[in-house]
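The values are calculated or read from the model by the stated rules, or taken from the named source; none is laboratory data. Owing to the predicted nature of the structure, the values given are computational and were not obtained by experimental measurement. Every residue, glycine among them, receives a Cβ derived from its backbone with ideal geometry; neighbour counts consider all protein chains shown. All accessible areas refer to the heavy atoms of the entire protein, side chains included, with ligands and DNA or RNA removed. Shrake-Rupley method; radii C 1.70, N 1.55, O 1.52, S 1.80 Å.
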Amino acid sequence: MRNRRKCRESRGEKIIESIGRNLDLPQDALSGYARIEICGNREATVEGCVGILEYSDSSVAVNTGKLTVRFCGCSLTITEMQDSCAEIRGIITSIDFSN
């Protein structure tokens, strides 16, 4: 019974790896990690966003499933939120990662 479960999990992981290779995605793109694109200190885009944990003028915390990503700064706003993508704008002074 245990071997069957391991075999199914292994087969599922191989399928995900194959999809990632065929779509030319980074290795971690399909494994629950977020992709974060930062443009200077004024804009950040988080792909793989599961939800917003905190939202204020000085702090935005985003849940990405495996990590919490916190943007600190001033005049922070979420300018776009659709599907699993959030765009944060303002003056970003720091970014913290936690489990």
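Summary table below
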item: Residues (free of Cβ contacts under 8 Å to residues at least 24 places away in the same chain and within 10 Å of SER84 (Cβ to Cβ)) located in the range 46-62; result: GLY51
item: Failed condition for GLN82, given (1) surrounded by fewer than 17 Cβ atoms within 10 Å (Cβ to Cβ); (2) modelled with pLDDT of 90 or more; result: (2)
item: Matching residues, the range 85-99, being hydroxyl-bearing (Ser, Thr, Tyr) and open to solvent by 70 Å² or more (accessible area, probe 1.4 Å); result: THR93
item: Complete set of residues in the range 30-79 that are basic (Lys, Arg), in a loop (DSSP other than H, G, I, E, B) and either farther than 28 Å from SER18 by Cβ or at pLDDT 95 or above (or both); result: ARG42
